[in-house]
Amino acid sequence: MSITVNGLGELKKLAGSDLGTSEWIEVTQERINTFADATGDHQWIHVDPEKAKDGPFGATIAHGYLTLSLFIPLFTELLDVRGVTTKVNYGLNKVRFPAPVRAGSRIRLAGRLADVSDVAGGVQVAVEGTIEIEGGAKPAAVLQSLSRFYA
C-alpha cells in the first residue's frame, strides 16, 4: 500500500519512517534476456538456461544491475509524492548483492525513509531499501538510494 504525501512539508515529516513493502514481481527469463540485450551483457549465467543448470546457482540468474534497476518501480509502490514539479534519481550511497535472483523468482522491496534534507529548491531523500527474494534466506540487494524532489 502506497503512502501519499502532498508537498515537501509532508515529505519531511516522514523522515525515519518505515515505508512498508511493495507487491511481489516475478523476474522472468524474458526480462533477464531483455536486460542483457539492452546492456550487451550476455554472459551465460544470465542467458543460457541449459549451461546454467550446471553452474554455481543451478539456473540462470538476473544481472545485479537488473535487480537494482527494479528499485524505482518497486519504490513508486511505496511512496507517492504529489505537489512537486520534478522527481530525480540522485544516486546511491551503497549497494550490495548478497544473494542471486534465479530466473522465475519473485522479489519485492522493503523500504525505510532514512533521511530527508533540504537542498536548493527542494529536498533530498535517502531511502534504505532491501530487495527481498520470496522464500530466500538472504536479500537480493541492500542499498541506500538518493532522490531529489523539487517544488
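Could you go through the stretch 73-90 in sequence order and give the Karplus-derived ³J(HN,Hα) for each residue, using 6.51 cos²θ - 1.76 cosθ + 1.60 with θ = phi - 60°, rounded to whole Hz, and x for Gly and Pro?
x, 5, 5, 5, 6, 8, 9, 10, 9, 10, x, 10, 8, 9, 10, 9, 7, 9
Hull surface divided by four, with the convex hull built on the Cα atoms of the chain: how many nm²?
Computed as one quarter of the Cα hull surface, the answer is 9.2 nm².
With every protein chain present, what is the per residue accessible area of the chain (1.4 Å probe, Å²)?
Result: 52 Å² of accessible area for each residue.
Report the residue, chosen from F75, F57, F97, that carries the largest GNM mean-square fluctuation when the chain is represented by alpha-carbon nodes joined by springs under 10 Å.
Judging by the Gaussian network model, the answer is F57.
For the stretch 1-54, with only Lys/Arg (+1) and Asp/Glu (-1) charged at the beta-carbon, what is the dipole magnitude about the Cα centre, in debye rounded to 20?
Value, rounded to 20: 340 debye.
Would you check the accessible area of T39, probe 1.4 Å, heavy atoms only, in square angstrom rounded to 10?
Using a 1.4 Å probe on the heavy atoms, I get roughly 80 Å².
Please report the carbon-and-sulfur percent of the accessible area for the stretch 5-143; probe 1.4 Å, protein heavy atoms only, DNA, RNA and ligands left out.
On the stretch 5-143, the fraction of accessible area on carbon and sulfur atoms equals 48 percent.
For the stretch 44-80, list residues with backbone N below 14 Å from a point placed 7 Å from the Cα of R31 toward its Cβ?
Once the point is set 7 Å along Cα→Cβ of R31, 61-77 turn out to lie under 14 Å by backbone N, inside the stretch 44-80.
May I ask which residue of G83, T28, T130 lies farthest towards the positive end of the charge dipole of the chain, with charges of +1 (Lys, Arg) and -1 (Asp, Glu) on Cβ and the Cα centre as origin?
Checking the options against the dipole of the chain, the answer is G83.
The values are calculated or read from the model by the stated rules, or taken from the named source; none is laboratory data. On a predicted model such as this, the values are computed, not experimentally measured, just so you know. Every residue, glycine among them, receives a Cβ derived from its backbone with ideal geometry; neighbour counts consider all protein chains shown. SASA here: full protein model, heavy atoms, side chains in, ligands and nucleic acids out. Shrake-Rupley method; radii C 1.70, N 1.55, O 1.52, S 1.80 Å.
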